[in-house]
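Shown next, in structure tokens, is the structure this report addresses.
A short reminder: the numbers here are calculations on the coordinates, not readings from a lab. Just so it is clear, the model here is predicted, and its values are computed rather than measured. So basically every Cβ, Gly included, is an ideal-geometry build from the backbone, and we count neighbours across all protein chains shown.
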Amino acid sequence: MKVKYSLTLLLSILLLNCSKDYREQQSLSETTETVYTLPIVVHIVHVGESVGIGYNLSKERIYDQINTLNNDFRKKEGTLGYNTHILGADAKIEFKLAKINPNGNPTEGITRVNFQDVTIDVENDWFFDDLPYYGYWNKQEYINIWVFPLDGVLGQSSVPYINIPGLENANPNGTTGILITTAYFGTTNTINNLNLGRTLTHEMGHFLGLEHLWGKTENANCMEFDDYCNDTPLVSRRTENCDNIQNSSCNGEFALTQNYMDYTSDACMNMFTKDQVARMQYVLKNSTVRSSLITSLAINRD
């Protein structure tokens, strides 16, 4: 989860786990040259505005965000998602707005719902589980992304279930998808350093099985809590600027402040490491509620 300094009372922190021990399983260290294309549906939650006004985001803003997401995951040269770091890797994962809806009809991959028109019969303890009231397409065929007018939270993602360290205790039956607060979806004029659409990149990393660089708990024993990816230096806490600093590292290495799974400014984020890519690809190919996205008929696979 990528958050600001305070959280709303509605949402609790959802953390994933990632383990260095997974490299003992050879298949988890392997990557493929195959490019996987995954279908997305974006549910825009607004408060009655016309399209393109206020919270009811324009199609152009949505297209901009998906383009940024693809640039980041594919390490596309000439974009902010490109890097020359020795550990930086192309994830070989792309995303497209759905072309076919659950009823088999053409779609733009965008739904719009007025917050004021939604009645929640029984509110869940965790707000994320209320999101299907605002639109929810088959989680086996679509990545549901809710763009919601919240305050204090940047984004949040569900946990993929798979029997590897850090993910084996996830609930495969819960609400599946990604929540992004409207102000941080796409390139925006938000007056802070989180305005270039990297919140979705960060949350999509969680959706595909990555943890924050510091693992489950900040300021904990570095050897006990890690992100379970061998090529990311052990760190005890987040960094929130673009300086390549050592004071959060456990062994004197420089922290990977440009990594999408830290909390640094959008402008300096530009890399997934090779081990992070291997983990995401493994989760995508083997997790029950992720692998079906590879063959979903919701997009054109030409």
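Karplus-derived 3J(HN,Hα) values for segment 201-210, using 6.51 cos²θ - 1.76 cosθ + 1.60 with θ = phi - 60°, are 4, 4, 5, 5, x, 4, 4, 9, x, 8 Hz; glycine and proline are entered as x. 3J(HN,Hα) along segment 72-88, derived from phi through the Karplus expression 6.51 cos²θ - 1.76 cosθ + 1.60 where θ = phi - 60°, amounts to 5, 5, 9, 6, 6, 5, x, 10, 5, x, 8, 8, 10, 5, 4, 8, x Hz, with x in place of Gly and Pro. Restricted to Cα atoms, segment 20-292 shows a radius of gyration and a Dmax of 18.3, 56 angstrom. Among ARG198, ARG238, the ranking by other beta carbons within 10 Å of each residue's beta carbon, starting with the fewest, stands as ARG238, ARG198.
Mind sorting SER50, SER236 by how few other Cβ atoms lie within 10 Å of their own Cβ, fewest first? Walk me through the intermediate numbers first.
On the way: SER50 8, SER236 20.
Ascending number of Cβ neighbours within 10 Å: SER50, SER236.
Here ASN189 and ASP130 are evaluated by their C-beta separation; at R0 = 41 Å the FRET efficiency comes out at 0.90. On the beta carbon distance between GLU168 and THR119, with R0 = 41 Å, the FRET formula returns roughly 0.65. In sequence order, segment 175-187 has phi-based couplings of 4, 10, x, 9, 10, 10, 5, 3, 5, 10, 9, x, 6 Hz under the Karplus curve 6.51 cos²θ - 1.76 cosθ + 1.60, θ = phi - 60°, and Gly or Pro positions carry x. Taking amide H atoms as placed 1.01 Å from N in the peptide plane, the amide H of ILE110 lies under 5 Å from those of VAL42, each 5 or more residues away in sequence or on another chain.
When only C-alpha pairs under 8 Å and at least 6 residues apart count, what is the relative contact order of segment 20-292, in percent?
21 percent.
Amide hydrogen proximity for THR181: with H placed 1.01 Å from N in the peptide plane, the residues at 5 or more positions away or on another chain lying under 5 Å are PHE148, GLY155. Over all other residues within a Cβ to Cβ distance under 13 Å of VAL113, the charged ones net out to -2, with Lys and Arg as +1 and Asp and Glu as -1.
Taking amide hydrogens as placed 1.01 Å from N in the peptide plane, the amide H of SER265 sits under 5 Å from those of ASN241, CYS242, each at least 5 positions away in sequence or on another chain. Pairs from the table (LYS75/LYS99; LYS96/LYS139; LYS76/LYS99) lying more than 21 angstrom apart at Cα are LYS75/LYS99; LYS76/LYS99.
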